[in-house]
Amino acid sequence: MRKFLITSSLVLWFSFSTTHAMDSHPLLPGVSAVAPAAEFTRFGFSIYRAQLWAPDGRYAPNQPFVLSLTYSRDIDRDRIVQASLDEMQKLGLPVRDQPSWRAELERVLTDVKQGDTLTAIYSPGQGAEFFYRFNKLGRLDEALAVHFFSIWLDARTSEPELRLALLGQKK
């Protein structure tokens, strides 16, 4: 009976947290979901669900925010790192001139399994801290953190519909 209650509680919590905007993010109290989680797909397959939290539920680039990605499939770290670098390159960022970026991203990203969440907390002027299953992986400095988040939040992103959904401006 105890196992049933624990399992039921976890299922209800997971269902609620993935389908409803949370009042506050557990890693950064005081921020609210900007919008419901948005799904990123490739060739019709779900890759991850992304959600953005910010003070008062309003994103501003000069304010702290949290971005969480909950993966729908298993993906290895090298693939996540390469995809991140590719997306930054598409934005015109100097990826080729910054060979250290790969190693820095490898420090803060990890292999993921279906259902795993990677979370990054951005603090203006300080950079970003990265978490996997609520365990700290590391930190990116301010410049690389801003470039990394531009993958989702820059107006020139390769996924403008996802950006709009994250910002609560979905058409």
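Exactly one residue among Ala83, Ala33, Ala54, Ala50 is modelled with pLDDT under 95 and surrounded by 13 or more Cβ atoms within 10 Å (Cβ to Cβ), and that residue is Ala33.
Can Val81 be described as within 25 Å of Glu161 (Cα to Cα), aliphatic (A, V, I, L, M) and in a loop (DSSP other than H, G, I, E, B)? In short, no. The selection criterion, being assigned to a strand (DSSP E or B), of a type outside the set (Ser, Thr, Tyr), free of Cβ contacts under 8 Å to residues at least 40 places away in the same chain and surrounded by fewer than 20 Cβ atoms within 10 Å (Cβ to Cβ), does not hold for Gly125. Residues of the stretch 48-65 that are within 12 Å of Val31 (Cβ to Cβ) and either out of contact with any helix residue (DSSP H, G or I) (no Cβ under 8 Å at 6 or more places or on another chain) or aromatic (Phe, Trp, Tyr) (or both): Trp53, Ala54, Pro55, Asp56, Gly57, Arg58, Tyr59, Ala60, Gln63, Pro64, Phe65. When Ala60 is tested against (1) part of a loop (DSSP other than H, G, I, E, B); (2) at positive phi; (3) touching a strand residue (DSSP E or B) at 6+ places or on another chain (Cβ under 9 Å), just one condition goes unmet, and that condition is (2).
The values are calculated or read from the model by the stated rules, or taken from the named source; none is laboratory data. Since this is a predicted model, take the numbers as computed values, not measurements. Virtual Cβ from ideal backbone geometry, glycine too; neighbours counted across all protein chains shown.
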